[in-house]
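Below you'll find the structure, written out as structure tokens, and then a few comments.
The values are calculated or read from the model by the stated rules, or taken from the named source; none is laboratory data. Just so it is clear, the structure is predicted and the values come from calculations on it, not from any experiment. No Cβ is skipped: glycine too gets one built from the backbone with ideal geometry, and neighbour counts run over all protein chains shown. Ligands, DNA and RNA are excluded from the accessible area calculation, which covers all protein heavy atoms including side chains. Shrake-Rupley method; radii C 1.70, N 1.55, O 1.52, S 1.80 Å.
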Amino acid sequence: MTGTGDEKHYGHGPERVGEPRPKKAWPEKQKGPVLVRRDQVGESTTDQRLLDTTGPTDWLHTDPWRVLRITSEFVEGFGALAELPPAISVFGSARTPVDSPEYAAGVAIGRALAEAGYAVITGGGPGAMEAANRGASDAGGLSVGLGIELPFEQGLNEFVDLGLNFRYFFVRKTMFVKYAQGFVVLPGGLGTLDELFEALTLVQTKKVTRFPVILFGSEYWGGLFDWLKNTLVAQGKAAPHDLELFHITDEIDEVMKILADARRPVNEI
């Protein structure tokens with residue numbers, strides 16, 4: 001505030017308090033909490049666009065509507081999975097052949113997890129995901145599939161008992177982590193690596209606690225471990241103890257022991 005006597009100023013303009021402010025030379029409209037001016041002002045109202053069923057449908061594809069769609073996916077996912085028993089997420093390639101040793105290992109792991117009382121969560125697709133779901137289903141356990149909308153998506157495999165399909169990867173990833181007490185990672189491609197490194201990052205940064213990550217298949221994962229140790233850690237891009245964030249094994253019994261050692265009640269999550 002500047003000036004002398006009763007002269008008062010506000011803002012950066014010369015107007016005195018109590019004097020009428022100049023009329024704006026541009027259009028202005030309040031749309032809920034949003035203020036729009038000039039060319040951003042439209043001719044229709046929100047109610048009009050809602051009730052005018054013959055109008056354009058472009059609003060279905062705008063970012064504000066996507067926020068509601070994202071919210072609905074979280075609500076549906078939380079609602080469907082909230083009462084799961086302790087669960088383990090199993091990842092692996094959709095391209096794993098049914099007659100391969102990797103597929104057989106996935107079936108065996110799914111069966112062992114179900115027999116230990118875990119629900120088995122996969123991406124719901126074919127290959128290694130189908131194998132784990134199949135093993136869980138064969139053992140009478142709860143087999144869960146979290147699918148994703150993709151141009152080449154084949155739908156949920158037939159061994160899924162409880163399935164959800166998501167539009168957004170980040171919502172799906174939240175479900176994998178929120179409702180699982182650990183990850184078992186079979187040989188896989190880019191999607192598997194994406195889930196693996198996201199899990200490791202969450203554990204490293206302590207966004208999740210007591211969360212075992214198990215890589216099954218030392219021949220497949222050994223090269224990755226060597227690169228992490230001899231390049232990433234050696235060049236100071238990660239700490240040596242970061243290599244302890246995961247386990248590599250070829251034995252299903254060891255998988256189950258690692259999970260048992262880390263197991264904790266759901267109410268501790």
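Can you report the number of residues in region 165-184 which are touching a Gly at 6+ places or on another chain (Cβ under 6 Å), modelled with pLDDT under 95 and buried (at least 17 other Cβ atoms within 10 Å of the Cβ)?
0
Would you tally the residues in region 72-93 being in a loop (DSSP other than H, G, I, E, B), open to solvent by 50 Å² or more (accessible area, probe 1.4 Å) and among the hydrophobic types (A, V, I, L, M, F, W, C)?
The qualifying residues number 1.
Counting just the residues of region 241-255 that are farther than 19 Å from residue 210 by Cα and touching a residue at least 12 places away in the same chain (Cβ under 8 Å), which one comes out least open to solvent (accessible area, probe 1.4 Å)?
Once the filter is applied, the top-ranked residue is 252.
Return the residues of region 76-93 that are of a type in the set (A, V, I, L, M) and at pLDDT 95 or above; say none if nothing qualifies.
Of everything in region 76-93, those that are of a type in the set (A, V, I, L, M) and at pLDDT 95 or above turn out to be 87, 88, 90.
From 211, 225, which residue is assigned to a helix (DSSP H, G or I) and of a type in the set (Phe, Trp, Tyr)?
Result of the check over 211, 225: 225.
So the check is Cβ under 7 Å with 6+ separation or different chains; which pairs have a first residue in region 208-233 that's on the phi > 0 side of the Ramachandran plot and a second one that's open to solvent by less than 40 Å² (accessible area, probe 1.4 Å)?
210/262; 210/264; 217/186; 217/187
Just wondering, is there one or more residues in region 101-111 that are out of contact with any Asp or Glu (no Cβ under 7 Å at 6 or more places or on another chain), assigned to a helix (DSSP H, G or I), surrounded by 23 or more Cβ atoms within 10 Å (Cβ to Cβ) and acidic (Asp, Glu)?
No: zero hits.
Go through region 95-113 residue by residue and tally those that are among the small types (Gly, Ala, Ser) and in contact (Cβ under 8 Å) with a residue 60 or more places away in the chain.
Counting residues in region 95-113 that are among the small types (Gly, Ala, Ser) and in contact (Cβ under 8 Å) with a residue 60 or more places away in the chain gives 4.
Can you tell me which residue in region 40-75 is modelled with the lowest pLDDT, limited to those that are of a type in the set (Gly, Ala, Ser) and farther than 30 Å from residue 173 by Cβ?
So the residue we want is 55.
Residues in region 220-228: is at least one open to solvent by 40 Å² or more (accessible area, probe 1.4 Å) and at pLDDT below 95?
no
When only residues in region 114-140 that are open to solvent by less than 20 Å² (accessible area, probe 1.4 Å) and not hydrophobic (A, V, I, L, M, F, W, C) count, which is nearest to residue 86 (Cα to Cα)?
Filtering region 114-140 for residues that are open to solvent by less than 20 Å² (accessible area, probe 1.4 Å) and not hydrophobic (A, V, I, L, M, F, W, C), the one nearest to residue 86 (Cα to Cα) comes out as 118.
Is at least one residue of region 154-174 among the hydrophobic types (A, V, I, L, M, F, W, C) and under 20 Å from residue 218 (Cβ atoms)?
no
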